[in-house]
1. Would you work out if region 72-158 is rounded, prolate or oblate? Take a ≥ b ≥ c from the square roots of the eigenvalues of the alpha-carbon gyration tensor; rounded if a/c is under 1.5, else prolate when a/b is larger than b/c, oblate otherwise.
2. Each label point is 7 Å from the Cα along the Cα-to-Cβ direction; what then is the distance between the points at Arg14 and Val135, in nm?
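Each reported figure results from applying straightforward, stated rules to the coordinates on display, with no laboratory input. As the structure is a prediction and not an experimental result, all values here were calculated from the model. Neighbour counts run over all protein chains shown; Cβ positions are idealised from the backbone, glycine included.
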Amino acid sequence: MSLTTRIELASTARFMGWELHCFGRPALNEGLGDGSVTGKTEIWIANKPILTERLAVNGQDKRFFINGLQKFSLTASFFITSDSPELLALVQALLDQQQQYYSSQQLIVAVTQIEGILVVRALAHWSETIMAVFVKVWQQVREQWLGYTPVVPRIWAT
């Protein structure tokens, strides 16, 4: 399977978006046994490539599962356009709280700032864990951008 996502933004655009990749069926305690997944995510701002991420997973590569994914079955990235050190600090503080709430056996999450983009990366066993954290980040960023805490869209509960 091959996945490609390209996001093209104006220089003044605000953007938040995430992607989650699940390898196997965690509820059945099944990992990705056969097959492979390749992917590429690109973010362009003002017709310039700012971030390119690649993913290449082979179901036969047990070392990647043990070392690269640290035995987690899900990996996720959340991209937010911002060069604000204050917003980075707010997101970092929220992620620190979430990391304390969930043990490192359930979730590993961190944020970096790369050329005007906050990139939150997470590893977990369950999509619900990552979604809960990403929704909190989404609410916090939207509150900073709009001045009020937004209501979570109902579709995200399905």
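1. Judged from the Cα gyration tensor, region 72-158 comes out oblate (a/c at least 1.5, b/c at or above a/b).
2. 2.1
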